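Written below as structure tokens is the structure these notes are about.
The values are calculated or read from the model by the stated rules, or taken from the named source; none is laboratory data. Predicted, not measured: the structure shown is a model, and the values here were computed from it. Because the Cβ atoms are built from the backbone with ideal geometry, glycine has one as well, and the counts that use them run over all protein chains shown. Just so you know, the surface numbers come from the protein's heavy atoms only, side chains and all, with ligands and any DNA or RNA stripped out. Shrake-Rupley method; radii C 1.70, N 1.55, O 1.52, S 1.80 Å.
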Amino acid sequence: MPVVYSIISILFAVADLFLAGYSLKKKGKTGRYLGFACIGAAVVDISYLVSILSESYFLVSLMSSIYFISIDWMLVSLLIFAGYFTRHVMSGPDRIALRVILACAAVDSLILMVNPFHEIAIGYEFRGTVLASYGYRMMLLYELHLVFTYILILLLLILLMLKAIHVPSDYRRLYLYTIYGIVTIVAVNAVFLFLPGESLYNLLDYSICGYSLTAFFLYWNCFAYSSHGMLNHFKNRIFDSIDQGIVLFDYEDFLILHNERASRLLASVFFDKDVTLMDFVKQCGISEQVDTTDDSCVFQCYVNGAEQPEPLRCTYSLLKNSRQEMIGRLFVFSDASLETDVLTGFQNWESFQQFVKENPANFGTSAIVAVCDINGLAELNSSMGHSKGDQALQQLSGRLRMVFPKQSYFVRGQDANLIVVCHHVQEREVLDYLKQVQADYEWSIQFAVSAAKKEDPDILSAIEDAHHAMRNKKLLNRASGHSEMLTSLVRALQECDSDTEAHVQRTQKLGAELGTRLGLTDVQLSSLSLLCLLHDIGKIGIPLEILNKPGKLSDAEWKVLRSHTQKGYQIASSSQELKGIADMILHHHERWDGNGYPDGLSGESIPLLSRVIAVVDAYDAMVNERSYRHKMSLEEAENELRRCTGTQFDPGIVSEFLQLLKEKKSGEPGEYPVQKNSIPVVSRILDMSQMSDPIQKHAVHTIRYSRYFLDEEMRIVAVDDMFEEMTGYTREEISALQMKQMDLIFPEERTEYLCMVNEQLAKGTRAYFEHRLRRKDGSSIYVFCLGRLYFDSAERSERSEIIIADSASTYAIRSMAEEEAARALSQSRQNGRAKLSAV
């Protein structure tokens, strides 16, 4: 018995000291006074153990006084601790009462310190038992000591009860548990105190263990339960009251728990402890949307409500431990009825943005974004009413839901854009889905695709990239109202390059094929197509005296001409739509070896699309007819690319481009001709956009025409295939005869012809009128002639571009042309003979 009790007492003392250390580390008055109380409890345990094991009368008396004094100060520390624990505000009487208690504790301690030397409070009687050889002989002062200790315990209970009464019920248990523990300890001690005769209490003082248990209990209740128990309690309250339905399955896919909100949102689902994951997803109707191999996904679903299917948003997560072992599956359902666009059933843009900001991890790097828009929706609304436009949007949203995977996330963006977010699919697959949507949809749509970046997996950034790509495509779509600004820039650019339109069409086609082969994204391909059109836009900012200078340019003039890259950059940067390609325009004349301009960039520091357009642009220039030379053969152009690879061009891009050309069918270069045999009037001779009459605007007729070029001496230097048909002269005859423009004019009309040309060129760089053309056999045809002066920067000389159209085939426009020609002829005759000069 002595050994067991000794071990228990020592363990209690050690535990009290550990609790004291942890309490003192809390750095606060609450922890400090609880630490003092725990130290007092440890002293009580050890001193009492020595007193019951010793047979020395003096040592028993001394140790007894020590543990009686320790009980006093332990209870005083607990009372002060309770004041801070309950956040009791000390008033004037409270401070006086505390001083009285401290004074009483000091007096009681003094009496007990004197007692071993002069017994004035308690004496000891020898009883010869194995344990606790001496018993107590209590005197009045010791009885006052007991009264004092019970008063301290009573004050402690009153303080805790007052706090428990005035706090909410959820916090009340924190104080009630402390009260129940102290009352139990006091009650047990009282039972042993009043046992008659040779009771167990006469052998041992069991209240000593009670004081240690009080220290344990208060530490747990103050620090452990208050931080963990109450936290768990509130977690349960939050779990049940949260506005989202939560359903949790264990590692064997059996239901563990769900909250009340889940029961309300999933009213058609039967929740039972034996429900499995497969049963649950079938009841919810989300079997096709949940991929159990995914770590997480978010999707929209509809579940049967009281009256109709209710829209919900579901976030699914696979729970893993630190060893990456699956420990459960979590479903979080949110009511999406207030966040859903009524027309399309998609989540509205504002709530989607907020959802992404609050849950950024739900859309990771595997996300692919598709954005689509109905072309001409505004015109549709204005011409046929908003109900027709709403119907078109509803049909499009339905097609998207039907074609895209079930686990896709659908959002209605701004300006009637519809957005689809997909996971675990390739960009090519998403483009195929969109093409399927377009194939069976009544109206024309524009779309673009973007992927979340690994370095910045922000889904909102990916959506913005897709929006930008779609705007680029709208700019390039002539049927779109967004293309007006681009059309104006192209017209200005055509003043500097007569072959702009055909050149753009060819480079866009080649660029798209090469970009696809290089694995460019849809966003990059849309930027490349825009870059093919506008890479030389800076030339509109170069002075005409430099662009049109017939002689060699000086160093200063070369510097100005090269500045077209910076000017193009400035033009693109000033437009929100073109800002994305501004840097590519700036660097499209850089060289792989670093000898280009304007910044001398080299290698992969040159923007990728700038490197692509450099190869495509150079190849197209080589294999097509120019005003100053005939086109190269394909073999010659390819050899030139090989020669310049690694110096001027990116070797990797050239390699892929040559492989692309190799794989094309024989005769494929015919896809990139300079001209076709006939063109519609709207695109070359008349600016139909200026016509106000819609009947006139769409009265387009195919006509017979030819296009050829003159040098600064009016010598014919290049012709197309139609030239021989219209004039009778072959290319060989033109070269052999060194034919000039005047050879096509009858001698008696040359003076009048030159007068009309000079008069119109005095007003600008273009001349337009009707005249008679002399054929090889001496016969004549009437043609409409459109001439333009420009400066060929490659040849450093002035050139003229001439387009002649057979007026016999221009029925729709002949009356307008005759009026203009007659007006020009009348004015020239009134002005008399004009001084002849070279065109």
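To keep it simple, each residue is scored yes or no on (1) of a type outside the set (D, E, K, R); (2) touching a residue at least 60 places away in the same chain (Cβ under 8 Å); (3) surrounded by 21 or more Cβ atoms within 10 Å (Cβ to Cβ).
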{"residue": "V3", "(1), (2), (3)": "yes, no, no"}
{"residue": "I10", "(1), (2), (3)": "yes, no, no"}
{"residue": "V14", "(1), (2), (3)": "yes, no, no"}
{"residue": "L19", "(1), (2), (3)": "yes, yes, yes"}
{"residue": "L24", "(1), (2), (3)": "yes, no, no"}
{"residue": "F36", "(1), (2), (3)": "yes, no, no"}
{"residue": "I39", "(1), (2), (3)": "yes, no, yes"}
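Criterion first (touching a helix residue (DSSP H, G or I) at 6+ places or on another chain (Cβ under 7 Å), of a type outside the set (A, V, I, L, M), open to solvent by 50 Å² or more (accessible area, probe 1.4 Å) and at pLDDT below 85) does K665 satisfy it? So K665 fails the test.
Scanning the range 707-722 for residues that are β-branched (V, I, T) and part of a loop (DSSP other than H, G, I, E, B) yields nothing.
Residue-wise test of (1) at pLDDT below 85; (2) in contact with a Phe, Trp or Tyr (Cβ under 6 Å, 6 or more places away or on another chain).
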| position | (1), (2) |
| --- | --- |
| V14 | no, no |
| L24 | yes, no |
| G40 | no, yes |
| L79 | no, no |
| S91 | yes, no |
| L102 | no, no |
| P116 | no, no |
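Scanning the range 328-338 for residues that are open to solvent by 20 Å² or more (accessible area, probe 1.4 Å) and at pLDDT below 85 yields a total of 3. With open to solvent by less than 10 Å² (accessible area, probe 1.4 Å), in a strand (DSSP E or B) and touching a strand residue (DSSP E or B) at 6+ places or on another chain (Cβ under 6 Å) as the only criterion, which of I419, I368 stands out? Every option except I419 fails the conditions. Checking each residue in the range 129-138 for being open to solvent by 50 Å² or more (accessible area, probe 1.4 Å) and either free of Cβ contacts under 8 Å to residues at least 12 places away in the same chain or over 12 Å from S64 (Cα atoms) (or both) picks out V130, R137, M138. Quick one: P457 ticks every box in (1) in contact with a strand residue (DSSP E or B) (Cβ under 9 Å, 6 or more places away or on another chain); (2) buried (at least 20 other Cβ atoms within 10 Å of the Cβ); (3) modelled with pLDDT under 80 except a single one, so which number is it? Unmet condition: (2). The residues of the range 759-772 that are surrounded by fewer than 19 Cβ atoms within 10 Å (Cβ to Cβ) and either farther than 19 Å from E801 by Cα or of a type outside the set (D, E, K, R) (or both), listed by number, are Q760, L761, A762, G764, T765, Y768. Just one of (1) within 28 Å of S488 (Cβ to Cβ); (2) open to solvent by less than 50 Å² (accessible area, probe 1.4 Å); (3) more than 25 Å from the chain's Cα centre (by Cα) fails for L544. It is (2). When residues in the range 400-416 are screened for being at negative phi and open to solvent by less than 40 Å² (accessible area, probe 1.4 Å), 9 of them pass. Residues of the range 559-583 that are open to solvent by 40 Å² or more (accessible area, probe 1.4 Å), closer than 20 Å to M470 by Cβ and at pLDDT below 85: Q576, E577.
Candidates I419, I374: the one that is over 21 Å from P311 (Cβ atoms), in contact (Cβ under 8 Å) with a residue 12 or more places away in the chain and of a type outside the set (D, E) is I374.
For first residues located in the range 67-95 and surrounded by fewer than 16 Cβ atoms within 10 Å (Cβ to Cβ), partners that are of a type in the set (D, E) and lie 6+ apart or on another chain with Cβ distances below 8 Å form the pairs H88/D94.
Residue check: M756 meets all listed conditions (1) at pLDDT 75 or above; (2) crowded, with 17+ Cβ neighbours inside 10 Å; (3) outside any helix (DSSP H, G or I) but one, namely (3).
To keep it simple, each residue is scored yes or no on (1) surrounded by fewer than 19 Cβ atoms within 10 Å (Cβ to Cβ); (2) touching a residue at least 24 places away in the same chain (Cβ under 8 Å).
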{"residue": "V275", "(1), (2)": "yes, no"}
{"residue": "S287", "(1), (2)": "yes, no"}
{"residue": "Y302", "(1), (2)": "yes, no"}
{"residue": "R313", "(1), (2)": "no, yes"}
{"residue": "S322", "(1), (2)": "yes, no"}
{"residue": "M326", "(1), (2)": "yes, yes"}
{"residue": "Q353", "(1), (2)": "yes, yes"}
{"residue": "N359", "(1), (2)": "yes, yes"}
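A single member of I120, I101, I182, I111 is β-branched (V, I, T), part of a loop (DSSP other than H, G, I, E, B) and in contact (Cβ under 8 Å) with a residue 12 or more places away in the chain, and it is I120.
Given the criterion open to solvent by less than 60 Å² (accessible area, probe 1.4 Å), modelled with pLDDT of 90 or more, within 24 Å of H503 (Cβ to Cβ) and of a type in the set (D, E), identify the matching residue among D650, D720. D650 is the lone residue from the list that is open to solvent by less than 60 Å² (accessible area, probe 1.4 Å), modelled with pLDDT of 90 or more, within 24 Å of H503 (Cβ to Cβ) and of a type in the set (D, E). In the range 41-61, the residue that is nearest to R87 (Cα to Cα) out of those that are open to solvent by 80 Å² or more (accessible area, probe 1.4 Å) and in a helix (DSSP H, G or I) is L53. Screening E725 against (1) in a helix (DSSP H, G or I); (2) in contact (Cβ under 8 Å) with a residue 40 or more places away in the chain leaves a single unmet condition, (2).
Among the residues of the range 460-474, the one identified as over 18 Å from the mean Cα position of the chain (by Cα) and open to solvent by less than 10 Å² (accessible area, probe 1.4 Å) is N472.
Which count do you get for residues in the range 430-454 that are touching a residue at least 24 places away in the same chain (Cβ under 8 Å) and open to solvent by 50 Å² or more (accessible area, probe 1.4 Å)? Quick ask: steps written out before the conclusion?
At the first step, the residues of the range 430-454 found to be touching a residue at least 24 places away in the same chain (Cβ under 8 Å) are 430-431, 433-434, 436-437, 440-454.
This time we only want the ones that are open to solvent by 50 Å² or more (accessible area, probe 1.4 Å), so: 436, 440, 442-444, 453-454.
The total comes to 7.
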